[in-house]
1. Work from the charge dipole of the chain (Cβ charges, +1 for Lys and Arg, -1 for Asp and Glu, about the Cα centre) and give the residue of V64, N124, G22 farthest towards its positive end.
2. For E3 paired with S110, estimate the spin-label separation in nm (one decimal), with each label point 7 Å from Cα along the Cα-to-Cβ line.
3. Kindly identify the stretch 169-236 as rounded, prolate or oblate by the Cα gyration tensor criterion: order the square roots of the eigenvalues as a ≥ b ≥ c, call it rounded if a/c is under 1.5, otherwise compare a/b with b/c, prolate if a/b is larger, else oblate.
4. Assuming 0.36 nm per residue, please report the length gained on full extension of the stretch Y190 to E224 beyond their Cα-Cα distance.
5. At a Förster radius of 45 Å, what calculated FRET efficiency corresponds to the Cβ-Cβ distance of A160 and K84, to the nearest 0.05?
6. From a point 7 Å beyond the Cα of T178 in the direction of its Cβ, which residues of the stretch 197-213 have a backbone N at a distance under 18 Å?
7. Which of the three applies to the chain, rounded, prolate or oblate, going by the alpha-carbon gyration tensor with a ≥ b ≥ c and a/c under 1.5 meaning rounded?
8. Taking the Cα centre as origin and putting +1 on Lys and Arg beta-carbons and -1 on Asp and Glu beta-carbons, what dipole magnitude results for the chain, to the nearest 20 debye?
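Every number here is computed from the coordinates shown, using simple stated rules; none is lab data. None of these values were measured; they are calculated from a predicted model. Heads up, the Cβs are rebuilt from the backbone with ideal geometry, glycines too, and the neighbour counts pull from every protein chain shown.
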Amino acid sequence: MVEKAVILARGLGTRMQKERDGIELDDESDRIARQGLKTLIPVGSRPFLDYIVDSLLQVGLREVCLVIAPDCQPLQDYAERVSKASHAEVSCTVQEEALGTADAVLAAESFARTDPFVLCNSDNLYPREALRTLAADEQAGCCVAAFDGETLVSEGNIAADRVRDMAVVVADDDGNLTNIVEKPPEPEKYARGGHVWVNMNLYRFTPHIFDACRSIDFDPERGELELTTAVQLLCDRQIVPFRVAFSRDGVLDMTSRKDVDAVREALEDRQPGFAAT
């Protein structure tokens with residue numbers, strides 16, 4: 001059973017900070033968005049991050065680490081408050097520069113040490129079944145959750161054009177990862193069983209991922225150290241088994257201002273299991 005989780009929370013929230021489609025947020029949410037702290041935007045009476053942490057705790061993950069920017073006091077305070085309210089261990093680690101997702105994972109190496117861990121985004125609320133699969137899978141090795149693109153549109157709040165821009169996950173007939181392809185121009189070419197399966201940055205990693213992240217170069221187009229590049233390297237070298245967990249559930253996304261109302265509506269009748277802080 002995996003007990004550790006890493007949440008990537010250093011992102012600058014650029015899309016959330018911009019005015020998009022004429023959508024106005026309430027004063028508190030606007031203030032938080034402009035600080036680049038979209039994961040703390042209130043959903044009901046709770047920050048969105050509460051729902052993410054609660055989902056991790058519900059599937060048995062008891063140690064949670066937030067990867068944050070330097071001097072990000074609001075998230076440091078958040079970790080301290082939730083540790084007391086939930087009886088889980090919530091801590092922070094700092095990614096000094098925004099060099100990409102692979103570098104963000106490296107920032108969590110001292111937290112993970114020699115243990116496997118689940119990795120997720122701070123602006124996505126994933127289905128608990130997918131989280132449970134990654135946390136409780138008794139097979140050794142790494143695993144990536146692959147989401148049905150059509151279901152992300154119909155059961156979540158993610159637009160079809162955004163799904164087409166996601167990395168595509170390709171597996172062999174035994175469910176082993178063979179390729180993870182960033183933004184292919186024709187994702188339909190990679191369909192499996194009539195469905196295109198995409199990456200939403202939800203993984204279970206062994207510590208092998210850290211050496212892989214150290215071994216890659218900056219992406220020539222984006223100028224960042226991409227986690228998908230490290231995943232492909234780990235897969236190609238076959239150092240550790242790397243499986244795919246297929247999910248037909250939706251994901252809630254809090255990337256831009258137009259997502260806020262949809263997320264609030266979807267979570268209207270749901271409350272995190274630990275006390276508000």
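1. Selected residue: V64.
2. Distance between label points: 2.1 nm.
3. The shape class here is oblate.
4. 9.7 nm
5. Numbers: r = 42 Å, r/R0 = 0.93.
Computed FRET efficiency for A160 and K84: 0.60.
6. Backbone N within reach: 197-199.
7. Rounded, because the longest to shortest axis ratio a/c is under 1.5.
8. 320 debye
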